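Trainee: There's a structure below that I have some questions on.
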Amino acid sequence: MNLNIQNQNVIVFGAGRGIGKAIADAFSEEGARVCRADLNPDESPDSATVDIADFESVRELSGKIATEWGGIDHVVCAAAIGSGKFGFPFWNLDPSDWKRVLEISLMGTVNVAHAVAPFLQEGESRRKTILFLTSVAGQIGSQTDPPYSAAKAGVINFMQGAAKDFAPFGVRVNALSPGMVKTDLNQSVWASTQEGLPEDARKSYDEWAEEKIAGIAPLARWQTPEEFGAMAVYLASDHAKNITGQTLNIDGGQVMHS
């Protein structure tokens, strides 16, 4: 299948590792020109340092890319953090644990959308897209990390509104929703669940993850970052020209099962 996105300009926010890196790699493999933006970027060509919680930083980078590359065609926001604490029940957390999570995982996404909006409306806007990374946690009321779950629920709702706003320009806006992926964020969730447990009750990361996957996902298997890369480039292509305002779950059936 020819996706026809060669030489198109892409910014991936949160491209330093995990799913964001896999998405950036997938666009590069399809011949797109990719700016890999992250607070801690890798050493790839066209990498850029940016904090998505800082709107001016995001706007400056977006303007720079649009000017130097002659426009922006596709934008992906994959940057997010969790609280780093086990939030069940929610009063195990303090309201102060919410602030940074919301600043990055929700408001960072909003910052990106605001910064790139003018550039997506320019030129051949009907081929342009925005893709947000959300989570099954934002759909099922996950109790593991309430700030993260709430932030991702907010991203889904914002995505739907943004899709309606951009529709007259032909710009499509969608979200990808991971289930269980071996990333640093997923491992931080495991670590938070083990805090305070007696030594004989603790589980290794693999033990915890395999048990959780078996319990919540009908397919009972991991999802991989590369799956999100493949779906991201497909959604950016003309093959997905009538897909907008959608949250696509790559989760082994987890949300269906819930």
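The values are calculated or read from the model by the stated rules, or taken from the named source; none is laboratory data. Since the structure is predicted, the reported quantities are computational estimates derived from the model, not experimental observations. When we count neighbours, we look across all protein chains shown, and the Cβ atoms used for this are built from the backbone with ideal geometry, even at glycine.
Trainee: State yes or no: is Asp51 in contact with a helix residue (DSSP H, G or I) (Cβ under 7 Å, 6 or more places away or on another chain) and either of a type in the set (Asp, Glu) or at pLDDT below 95 (or both)?
Mentor: Spelling it out, Asp51 is indeed in contact with a helix residue (DSSP H, G or I) (Cβ under 7 Å, 6 or more places away or on another chain) and either of a type in the set (Asp, Glu) or at pLDDT below 95 (or both).
Trainee: Please determine, by comparing only the residues of segment 215-226 that are without any contact (Cβ under 8 Å) to a residue 40 or more places away in the chain and at negative phi, which one is surrounded by the fewest Cβ atoms within 10 Å (Cβ to Cβ).
Mentor: Checking each candidate, the answer is Gly215.
Trainee: Separate question: Go through segment 218-258 and count every residue that is hydrophobic (A, V, I, L, M, F, W, C), in a helix (DSSP H, G or I) and farther than 20 Å from Asn157 by Cβ.
Mentor: 8
Trainee: Might you check whether a residue that is part of a helix (DSSP H, G or I) and either more than 23 Å from Gly71 (Cα to Cα) or modelled with pLDDT of 95 or more (or both) occurs anywhere in segment 129-137?
Mentor: yes
Trainee: Residue pairs, Cβ under 8 Å, 6 or more apart or interchain, first in segment 23-48 and on the phi < 0 side of the Ramachandran plot, second of a type in the set (Val, Ile, Thr) and surrounded by fewer than 18 Cβ atoms within 10 Å (Cβ to Cβ). List them.
Mentor: Filtered contacts from segment 23-48: Ala37/Thr49; Asp38/Thr49; Leu39/Thr49; Asn40/Thr49; Pro41/Thr49.
Trainee: For segment 116-134, which residues satisfy the criterion of being touching a Gly at 6+ places or on another chain (Cβ under 8 Å) and crowded, with 23+ Cβ neighbours inside 10 Å? So that I can check it myself, show each step before the final result.
Mentor: Within segment 116-134, the subset touching a Gly at 6+ places or on another chain (Cβ under 8 Å) is 119, 122-123, 125-128, 133.
Listed by number, the residues that qualify are Lys128, Leu133.
Trainee: So, one more: Which residues, counting only those in segment 114-128, are free of Cβ contacts under 8 Å to residues at least 60 places away in the same chain, among the small types (Gly, Ala, Ser) and part of a helix (DSSP H, G or I)?
Mentor: Within segment 114-128, Ala117, Ser125 qualify.
Trainee: Next question. For segment 1-22, name all the residues that are free of Cβ contacts under 8 Å to residues at least 60 places away in the same chain and farther than 15 Å from Leu185 by Cβ.
Mentor: Asn2, Gln6, Asn7
Trainee: Filter segment 159-214 down to the residues that are touching a residue at least 60 places away in the same chain (Cβ under 8 Å), among the basic types (Lys, Arg) and part of a helix (DSSP H, G or I) and list them by number.
Mentor: Result: Lys164, single match.
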